[in-house]
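The values are calculated or read from the model by the stated rules, or taken from the named source; none is laboratory data. These numbers were taken from a predicted model, which means no experiment stands behind them. Cβ sites come from the backbone with ideal geometry, for glycine too, and all protein chains shown count toward neighbours.
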Amino acid sequence: MEDRITVTMRDAVADVRLVRADKMNALDDAMFTALIETGERLKTDKSVRAVVISGEGRAFCAGLDMGNFAKMASGERKGGAGALVTENRTPGGANRAQQAVYVWREIPVPVIAAVHGVAFGGGFQLTLGADIRFVAPDAKLAILEIKWGLIPDMAGMVLLRGLVRDDVARELTYTGRIFTGEEALSLGIATRVCADPYAEALKLAEEIADKSPDAIRAGKRLFAVMRDGDPKQILLEESREQIALIGSPNQIEAVMAGMQKRAAVFKD
């Protein structure tokens with residue numbers, strides 16, 4: 001797995017790097033496996049308070065490896081295509097390719113994507129799995145699947161709908177046009193445009209890691225409900241999460257640290 005992804009712990013921040021730099025971090029079978037296994041491991045690691053995901057070399061992720069397209073053209077991939085619909089879905093409903101992206105939304109702490117170079121197709125969808133996207137101004141992004149006669153099928157539609165207007169999502173999907181980090185910001189896809197997205201993402205992750213991990217995790221659960229739930233359910237979950245936080249050790253520590261004007265010491 002380490003020939004596809006490395007994870008370095010920086011205090012309570014998991015620094016996740018795609019390291020297939022010679023292929024611009026393209027998605028082959030081993031990369032799909034590494035993304036899922038890394039995400040699943042981070043989901044259960046109580047010591048992790050924030051995650052940064054980025055790519056080494058010239059790109060964040062260039063999308064699906066060209067070898068996969070060659071298999072499609074030859075018909076080699078067609079025989080097992082039914083498995084995308086019927087087999088090996090997670091309890092949340094994702095197939096393997098979708099889970100490589102969606103698992104980052106399931107991690108109970110914030111995930112920040114640091115995007116440079118290119119994020120095309122599956123690589124673009126991978127950025128959508130993060131809670132927050134810091135993007136270089138000259139980065140190039142695209143929902144590129146239409147170029148290959150395909151649609152985005154790695155949870156991109158589920159995740160994009162909360163970021164941009166319906167007609168914008170359609171235009172990007174139907175054309176596959178390439179847009180810059182600057183345009184991504186204006187569209188609502190990029191959270192922030194940064195000259196050095198990786199450094200800024202690590203800085204934000206460290207800031208988040210200094211906050212109460214209980215409140216951060218509760219906030220992420222609420223955002224998940226907000227995306228999928230109706231107003232009545234969201235209001236109820238707000239109350240449930242807040243009741244669980246009030247008077248808890250980390251909440252008391254946050255209050256005491258604020259009153260005493262000192263750095264808080266939270267327990268995972």
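Is it the case that Asp228 is outside the structural domain of Val109 (by TED's automatic domain parsing), touching a Ser or Thr at 6+ places or on another chain (Cβ under 9 Å) and modelled with pLDDT under 90? Explain how you work it out, then say what you get.
On the way: outside the structural domain of Val109 (by TED's automatic domain parsing): yes; touching a Ser or Thr at 6+ places or on another chain (Cβ under 9 Å): no; modelled with pLDDT under 90: yes.
When the stated conditions are applied, Asp228 does not pass them.
Being of a type in the set (Gly, Ala, Ser), assigned to a helix (DSSP H, G or I) and surrounded by 13 or more Cβ atoms within 10 Å (Cβ to Cβ) is the filter here; which residues of segment 215-244 pass it?
Step one: list which residues in segment 215-244 are of a type in the set (Gly, Ala, Ser), which gives 215, 218-219, 224, 229, 239, 244.
Going one step further and asking which of them are assigned to a helix (DSSP H, G or I), we end up with 215, 218-219, 224, 239, 244.
If the condition is that a residue be of a type in the set (Gly, Ala, Ser), assigned to a helix (DSSP H, G or I) and surrounded by 13 or more Cβ atoms within 10 Å (Cβ to Cβ), then Ala215, Ala218, Gly219, Ala224 are the ones that fit.
Given the condition in contact with a helix residue (DSSP H, G or I) (Cβ under 9 Å, 6 or more places away or on another chain), hydroxyl-bearing (Ser, Thr, Tyr) and outside any strand (DSSP E or B), answer yes or no: does some residue in segment 41-56 qualify? Outline the logic, then answer.
If we filter segment 41-56 for residues that are in contact with a helix residue (DSSP H, G or I) (Cβ under 9 Å, 6 or more places away or on another chain), which is where we start, we get 42-43, 46, 48-56.
In the following step, the residues that additionally are hydroxyl-bearing (Ser, Thr, Tyr) were identified as 54.
When the remaining residues are screened for being outside any strand (DSSP E or B), the result is none.
No, every residue in segment 41-56 fails to be in contact with a helix residue (DSSP H, G or I) (Cβ under 9 Å, 6 or more places away or on another chain), hydroxyl-bearing (Ser, Thr, Tyr) and outside any strand (DSSP E or B).
Need at least 3 residues that are more than 13 Å from Leu64 (Cα to Cα) and charged (D, E, K, R) per element, so show me which strands (runs of 3 or more DSSP E) inside segment 96-160 make the cut, counting only ones lying wholly within it. Walk me through it before giving the result.
On the way: elements: 111-115, 118-120, 132-135, 140-142.
By residue number, no strands (runs of 3 or more DSSP E) qualify.
Report, ordered by the first and then the second residue, all pairs with beta carbons closer than 8 Å, sequence separation of six or more or different chains, a first member in segment 119-141 that is among the basic types (Lys, Arg), and a second member that is in a loop (DSSP other than H, G, I, E, B).
Pairs that qualify, where the first residue is among the basic types (Lys, Arg) and the partner is in a loop (DSSP other than H, G, I, E, B), are Arg133/Ile189; Arg133/Ala190; Arg133/Thr191; Lys140/Gly117; Lys140/Ile178.
When the residues of segment 1-28 are narrowed to those that are of a type in the set (Lys, Arg) and not in a strand (DSSP E or B), which ends up surrounded by the most Cβ atoms within 10 Å (Cβ to Cβ)? Steps first, answer last, please.
If we filter segment 1-28 for residues that are of a type in the set (Lys, Arg), which is where we start, we get 4, 10, 17, 20, 23.
Now narrow it down to the ones that are not in a strand (DSSP E or B): 4, 20, 23.
Details: Arg4: 21, Arg20: 23, Lys23: 17.
Once the filter is applied, the top-ranked residue is Arg20.
Kindly indicate whether any position in segment 193-201 is out of contact with any strand residue (DSSP E or B) (no Cβ under 8 Å at 6 or more places or on another chain), assigned to a loop (DSSP other than H, G, I, E, B) and assigned by TED's automatic domain parsing to the domain that holds Val48.
Among the residues of segment 193-201, at least one is out of contact with any strand residue (DSSP E or B) (no Cβ under 8 Å at 6 or more places or on another chain), assigned to a loop (DSSP other than H, G, I, E, B) and assigned by TED's automatic domain parsing to the domain that holds Val48, which makes the answer yes.
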